[in-house]
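Shown next, in structure tokens, is the structure this report addresses.
Any read-out appearing in this document is the output of simple, stated calculations on the displayed coordinates, not a laboratory observation. Since we're looking at a predicted model, the values are computed, not measured. Please note: Cβ atoms are built from the backbone with ideal geometry, for glycine as well, and neighbour counts cover all protein chains shown.
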Amino acid sequence: MYGVSSMTDELRRVALRKPGAPMLEADADAWHYGPTFDRDKVAAQHAAFTQLIASHGTEILWMDDDNPEIADAVFTYDASLMAPAGAVLMNPGKLLRRGEQELHRQFYQRQGIPVIGEISGEGTSEAGDTLWLDDKTLAVGRGFRTNQSGIDQLTALLAEHAIEVCAFDLPVFQGADACLHLMSLVSPVDTRTAVIFETLFPVGLYQRMQAMGYTLINLPADEYESSATLCGNILALAPGQCIMIDGYPETRAALEQVGISVSVFDGDALCIGCEGGPTCLSRPILRS
């Protein structure tokens, strides 16, 4: 069972990967990991995140592999995109993640999930730059991780499945080495409710989401900055039920004020330190 065309429908199945030797032995400078990266804490923090998903009743599929080199592979969201008809293999724009899509290919083969296409050649793409606006519309961020060639390939591929791709430019912000995905700027938390960081948000996407009836909640600037954007990286387990990193009370309060149920885990060493939040740590396989 597989298929995803929503950011917030009930999360039935998800692929995760434990932070093993590649991350624990990583060159922090080469991988652009920050000062809060702590090799002694990442396993426990990932286990706490996993427990929140398991306690919701979501089936967890483990994405194991023999590749000892790709530290960021624990962030299973990025190297493939799940669509209703099957998986699309991406082509990461971060050079050290090139080839990570092959780990996803092997995983899908083991699970019997079809791969309906892949981004190749000069095209780069990471699924962190994608956002399901509804079941027929995928927003894509054009930036340092996803380029125009990657967007063109994804557009043509998904058009065969009657899915529209609409692209929006991302800001430079902290530069090419930092991780700024589209989903660094927006996280849907309910069927038509999303948190955004308005200061950096693409105008065209803002207008489109408003026209679609979304309620947009602006993230507090101080927490957005202190979390390296990750206070707003929020994983929906179901409409109105979410997981976020602990330690950002203003963001949590803004969600709870509109009726969103929030679960938290410590993510300073794993998420803040390694530039990837709860959404990045998960590859939804089935939402319904």
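Quick one: in the stretch 217-258, of everything that is among the β-branched types (Val, Ile, Thr) and without any contact (Cβ under 8 Å) to a residue 60 or more places away in the chain, which residue is farthest from ALA48 (Cα to Cα)? Even if it seems obvious, please write down each step before you answer.
If we filter the stretch 217-258 for residues that are among the β-branched types (Val, Ile, Thr), which is where we start, we get 217, 229, 234, 243, 245, 251, 258.
Cutting the leftovers down to without any contact (Cβ under 8 Å) to a residue 60 or more places away in the chain gives us 217, 229, 234, 245, 251.
On the way: ILE217: 27, THR229: 21, ILE234: 15, ILE245: 11, THR251: 20 Å.
Within the stretch 217-258, the match that is farthest from ALA48 (Cα to Cα) is ILE217.
Out of everything in the stretch 169-216 that is hydroxyl-bearing (Ser, Thr, Tyr) and free of Cβ contacts under 8 Å to residues at least 40 places away in the same chain, what residue ends up being farthest from LEU95 (Cα to Cα)? Working first, answer last.
Of all residues in the stretch 169-216, those hydroxyl-bearing (Ser, Thr, Tyr) come to 184, 187, 191, 193, 199, 206, 214-215.
From the residues that got through so far, the ones that are free of Cβ contacts under 8 Å to residues at least 40 places away in the same chain too are 199, 206, 214.
On the way: THR199: 28, TYR206: 30, TYR214: 35 Å.
So the residue we want is TYR214.
Residues in the stretch 164-207 that are under 24 Å from ALA83 (Cβ atoms), in contact with a strand residue (DSSP E or B) (Cβ under 7 Å, 6 or more places away or on another chain), among the charged types (D, E, K, R) and not in a loop (DSSP other than H, G, I, E, B): how many?
The number of residues fulfilling the criteria is 2.
Can you confirm whether the stretch 167-182 contains a residue that is in contact with a Gly (Cβ under 8 Å, 6 or more places away or on another chain) and more than 20 Å from VAL195 (Cβ to Cβ)?
Yes, the stretch 167-182 contains at least one residue that is in contact with a Gly (Cβ under 8 Å, 6 or more places away or on another chain) and more than 20 Å from VAL195 (Cβ to Cβ).
What about GLY128, is it crowded, with 19+ Cβ neighbours inside 10 Å, small (Gly, Ala, Ser) and touching a Ser or Thr at 6+ places or on another chain (Cβ under 6 Å)?
The answer is no for GLY128.
If you take the residues of the stretch 27-63 that are among the acidic types (Asp, Glu) and more than 20 Å from GLY247 (Cα to Cα), which of them is surrounded by the fewest Cβ atoms within 10 Å (Cβ to Cβ)? Write out each step before concluding.
So in the stretch 27-63, the residues among the acidic types (Asp, Glu) come out as 27, 29, 38, 40, 59.
Adding the requirement that they be more than 20 Å from GLY247 (Cα to Cα) leaves 27, 29, 59.
Details: ASP27: 9, ASP29: 7, GLU59: 13.
Top of the filtered list is ASP29.
With respect to ALA221, determine if the residue is surrounded by fewer than 20 Cβ atoms within 10 Å (Cβ to Cβ) and either within 29 Å of PHE107 (Cα to Cα) or under 17 Å from the mean Cα position of the chain (by Cα) (or both). Quick ask: steps written out before the conclusion?
Numbers: surrounded by fewer than 20 Cβ atoms within 10 Å (Cβ to Cβ): yes; either within 29 Å of PHE107 (Cα to Cα) or under 17 Å from the mean Cα position of the chain (by Cα) (or both): no.
No: the conditions fail for ALA221.
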